[in-house]
Amino acid sequence: MTDSSPPDRGATDAPAADSAADVADVADLLATPYRTHTCGVLRAADSGTIVRVSGWVHRRRDHGQLIFLDLRDRYGITQVVIDRTGQPDAHAAASRVRSEFVVTVEGEVAARVPGTENPRLPTGAIELRATAVTVLSEAKTPPFYINDPDATIDEALRLRYRYLDIRREAMARRLLLRSRLVQAIREVHHAHGFVEVETPNLIKSTPEGARDFIVPSRLQPGSVYALPQSPQQLKQLLMVAGIDRYFQIARCFRDEDLRGDRQPEFTQLDLEMSFVDEDAVMAFVEKMVIEVCRVTTPDRPFQETPFPRFTFDEAMDRFGSDKPDLRFGMELVDLGPRLVDAAEVPSSGFRVFDETLAAGGRVKAIVAPGMAGATRKEIDELTERAKRFGAKGLAYLGLAEGGEIRSPIAKFLGDELTRGLIDATGAAEGDLILIVADTPAVTADVLGRLRVELGGRLGLADPDVLAFCWVNRFPMYQWDAENERWDATHNPFSGVLPEDEELLTTLDGDPAKPSPQDPAGRARALQYDIALNGWELGGGSIRIHRRDLLARSFTLQGQTEAGMKEKFGAVLEAFEYGPPPHGGIALGIDRWAALLSHQSNIREVMAFPKTQSGGDLMLDAPSTPEEGQLAELGLSFVGVRGRATPPPPAE
RNA sequence: GGACCCGUGGUGUAGCGGCCCAACAUGCCAGCCUGUCACGCUGGAGAUCGCCGGUUCGAAUCCGGUCGGGUCCGCCA
């Protein structure tokens with residue numbers, strides 16, 4: 001019966017959808033000896049009701065005869081008044097209460113004395129006139145302010161006492177938003193016939209490029225499990241199994257260095273569909289994403305629907321990124337055509353540009369609006385940044401008010417060409433043109449990063465807008481010079497564009513010898529990424545399910561038949577039993593939740609995240625294993641500073 | 001693996017070679033206060049300046065190392 005009842009969409013249209021007080025009605029299971037109501041629900045209409053509430057003491061204001069307690073739970077704050085003359089016992093109890101004590105208060109809901117209402121609290125029209133105050137738990141003075149939303153607190157301290165940090169409204173609200181996000185995801189998938197399947201965390205290493213976390217086996221000493229970097233192979237096996245439409249909120253593990261948007265364990269929305277093409281997957285995901293965002297953050301507008309689509313080449317060309325932030329313009333402008341003469345010979349007069357173009361490179365620019373007045377120091381900083389991103393230098397043209405041009409390269413280019421370049425960029429008075437000359441890849445990358453940097457610094461991106469886009473037609477492979485082979489740019493099972501199938505071959509026909517001249521370098525993958533506000537939110541592909549194509553693709557990746565069997569044995573074998581055409585995608589839940597919460601760091605939407613060095617400051621993990629644990633596994637530490645342990649006995 | 005930033009009472013900051021056994025705010029403790037809601041008033045306790053070493057007549061302040069946290073590059077989808 002309850003299974004068929006419609007999902008509660010109360011959150012969708014509730015005005016306070018973004019507040020910690022926003023939750024489904026829990027009154028039905030609330031009645032316990034501790035409380036009849038939460039601290040967030042009482043209103044003027046409840047006046048006269050006898051209630052009991054429990055919560056943490058948010059603040060105490062002691063006026064002698066009269067004590068005010070702000071009582072807090074995750075639903076809100078209710079003011080309690082204790083009058084000594086009427087309630088001497090309650091008053092005595094309230095006198096010894098301190099911040100963060102847990103108390104139960106019994107009393108009558110009353111409209112506040114006129115003129116003393118607090119419009120900043122949803123419960124500000126009423127107060128609870130206490131007849132009894134019971135202390136359930138005492139609390140030490142907390143290590144930081146829980147009741148001050150503006151307090152800046154050292155993050156290490158927050159992580160050490162995360163359970164106190166989560167008591168703070170902002171943190172609780174973010175976890176709540178994340179919960180709603182995941183709930184919405186589940187609802188949409190179930191509504192579209194997806195089956196939620198759990199896959200194991202103790203699996204075999206699935207080479208996806210990242211380092212595996214390894215778990216030693218006790219029952220099979222000398223062997224290890226790997227924690228999944230993603231359920232990639234398992235979900236493909238589910239397709240062979242006929243599960244048609246699969247999804248999972250999956251925990252994934254990657255042992256790589258951390259960043260603001262990367263944790264060693266993180267959560268993916270993993271999904272896979274059978275009998276689909278690229279458009280079918282993208283269509284579903286787009287529909288799902290829109291619906292989920294509408295439910296989770298109804299007040300965040302979409303910049304554009306349907307989501308714009310770019311090929312990889314176009315995205316790199318226009319934005320210098322395969323995850324462009326579309327909330328502002330500042331697109332890259334190719335200056336090349338202006339820098340060559342009628343015979344297409346580079347002839348700008350500025351040697352760096354000419355040589356770059358002659359060598360097949362690119363000269364491109366972005367326009368930083370209003371930055372013509374940048375100081376020498378600011379420009380040096382930008383140059384420094386550009387160099388760190390891989391550029392050899394940064395040329396610029398500043399268009400000062402009044403038409404004066406400020407540029408170290410103008411004298412080489414001459415007046416006419418300088419005007420021509422300004423024209424090409426569309427820059428206006430007061431703007432600063434930044435120019436990079438390098439290989440196509442470096443030019444795009446450096447300008448792309450500068451674009452994001454400056455867009456942020458100049459406040460060009462509306463923080464509320466959700467600018468989704470798709471990027472597809474990625475190159476199938478990247479040449480790995482070190483290992484003399486083609487690396488799949490994403491998933492090794494990613495399919496190839498049908499018209500590029502014939503390119504999947506080695507030049508000299510020697511399958512054992514990939515070379516950088518191979519036409520495969522031009523092959524494009526059936527690969528699609530979804531980006532949101534400049535973050536890569538997810539990526540997926542249509543997989544290769546045909547044995548022959550798979551073999552050719554793997555050969556280009558430098559895999560031998562034996563190597564393939566070792567790494568992908570289960571999938572390859574399964575593919576001999578009727579694999580359906582299939583494809584899917586994985587979306588980063590942490591990133592999604594962070595972006596919906598206006599956060600630039602996924603730690604802010606994780607209950608118990610790890611530090612940059614992979615530590616848990618609260619649990620003090622990782623830690624030295626206990627005596628015997630290693631021996632039982634047949635392991636010993638070797639050559640670890642201060643951690644060497646005696647080797648296990650030979651047998 | 002690398003670059004940079006930060007580390008001072010419970011918390012957030014100031015001080016950046018002697019004026020500092022360290023200042024301010026807040027929190028904490030005590031007393032007073034019947035309408036506050038960052039309550040108010042009065043008084044009080046609380047840090048040898050992450051740790052180790054060096055330079056110096058003298059170090060919170062300079063230098064080196066180390067530990068912890070963060071940002072970024074490499075790495076990583």
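The values are calculated or read from the model by the stated rules, or taken from the named source; none is laboratory data. None of the values given here were measured: they were computed from a predicted structure. Cβ placement follows ideal geometry from the backbone for every residue including glycine, while neighbour counts extend to all protein chains displayed. Just the protein is used for accessible areas: all its heavy atoms, side chains included, with ligands, DNA and RNA removed. Shrake-Rupley method; radii C 1.70, N 1.55, O 1.52, S 1.80 Å.
Within the range A:527-540, the set of residues being within 13 Å of RNA strand B (Cβ to nearest atom) and in a loop (DSSP other than H, G, I, E, B) comprises A:G534 only. If you check A:S95, A:S99 for being open to solvent by 30 Å² or more (accessible area, probe 1.4 Å) and in a loop (DSSP other than H, G, I, E, B), only one passes: A:S99. Of all residues in the range A:557-596, those satisfying the criterion of being closer than 20 Å to A:S541 by Cβ and of a type in the set (F, W, Y) are A:F568, A:F575, A:W592. Checked against the criterion of being within 10 Å of RNA strand B (Cβ to nearest atom), surrounded by fewer than 18 Cβ atoms within 10 Å (Cβ to Cβ) and at positive phi, the candidates A:G115, A:G124 yield just one match: A:G115. Is the range A:617-638 home to any residue that is touching a Ser or Thr at 6+ places or on another chain (Cβ under 7 Å), without any contact (Cβ under 8 Å) to a residue 40 or more places away in the chain and not in a helix (DSSP H, G or I)? Yes - at least one qualifying residue is present in the range A:617-638.
Residue-by-condition table, conditions (1) at pLDDT 80 or above; (2) among the aliphatic types (A, V, I, L, M):
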| site | (1), (2) |
| --- | --- |
| A:D480 | no, no |
| A:P519 | yes, no |
| A:L526 | yes, yes |
| A:W535 | yes, no |
| A:G538 | yes, no |
| A:A551 | yes, yes |
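Would you check which residues across the range A:242-274 are aromatic (F, W, Y) and over 21 Å from A:W470 (Cα atoms) and list them?
Start the filter on the range A:242-274 by keeping residues that are aromatic (F, W, Y), which leaves A:246-247, A:253, A:266.
Matches in the range A:242-274: A:Y246, A:F253, A:F266.
Of these, A:A172, A:A151, which one is surrounded by fewer than 14 Cβ atoms within 10 Å (Cβ to Cβ), of a type outside the set (V, I, T) and out of contact with any helix residue (DSSP H, G or I) (no Cβ under 8 Å at 6 or more places or on another chain)?
Numbers: A:A172 fails: surrounded by fewer than 14 Cβ atoms within 10 Å (Cβ to Cβ).
Within the list A:A172, A:A151, the selection yields A:A151.
A count restricted to the range A:386-398 and to residues that are in contact with a helix residue (DSSP H, G or I) (Cβ under 7 Å, 6 or more places away or on another chain), within 15 Å of RNA strand B (Cβ to nearest atom) and not in a loop (DSSP other than H, G, I, E, B) stands at 1. Of all residues in the range A:345-382, those that are touching a residue at least 24 places away in the same chain (Cβ under 8 Å) and hydroxyl-bearing (S, T, Y) total 2. Residues considered: A:V471, A:V436, A:V446. Of these, the only one that is modelled with pLDDT of 90 or more and part of a helix (DSSP H, G or I) is A:V446. Here is a check on your reading of the model: is A:A151 closer than 18 Å to A:V57 by Cβ, assigned to a loop (DSSP other than H, G, I, E, B) and within 12 Å of RNA strand B (Cβ to nearest atom)? In short, yes. State which residue is nearest to A:R318 (Cα to Cα) when the search covers only the range A:374-423 and only residues that are open to solvent by 30 Å² or more (accessible area, probe 1.4 Å) and hydrophobic (A, V, I, L, M, F, W, C). Within the range A:374-423, the match that is nearest to A:R318 (Cα to Cα) is A:F389.
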